[in-house]
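One structure is given here, and the rest of the page talks about it.
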Amino acid sequence: MMKLIPLRDWVVLRRDEVLEKTDSGILLPESTRGKPQEGKVVATGRGCLSKLQQGDKVVFAKYAGTEIQIGDEKALIIREKDIFAMIVDD
């Protein structure tokens, strides 16, 4: 992944891309469905108060953040307050 260092309480996420198919096997493009609201933490700013670390899976607000593209990779820059929960495997 790219080297991007967020400031203050901003967090850089990589969205989890999930391919969706219809019952008949047709792949649905991202434009026809909602964007995923889950992602992995790539980097956190020094002003973050939570215990988020690189690689944590999180759930965030539907329309939060700003999507950016650096080179071939897409990322989402989001405020820490727009992250609702961490997803933890048992």
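Every number in this text was worked out from the coordinates using simple rules, so none of it is lab data. It should be emphasised that the depicted structure is a prediction, and the values quoted were computed from it without experimental measurement. Reconstructed Cβ throughout: ideal geometry from the backbone, glycine too, with neighbour counts over all protein chains shown.
Can you pull the one-decimal nm distance between simple spin-label points at ILE26 and ARG8, each 7 Å off the Cα toward Cβ?
4.5 nm
For LYS40 and GLU67 in the same chain, what is the full-extension length gain: residue separation times 0.36 nm, less their Cα-Cα distance, in nm?
Roughly 8.3 nm would be gained on extension.
Around TRP10, what is the net charge, scoring Lys/Arg as +1 and Asp/Glu as -1 over all other residues with Cβ under 9 Å from its Cβ?
0
Would you compute, for the Cα atoms of the chain, the largest minus smallest coordinate along each principal axis and list the three values in descending order, in whole Å?
Principal-axis extents of the Cα atoms in the chain, largest first: 47, 35, 22 Å.
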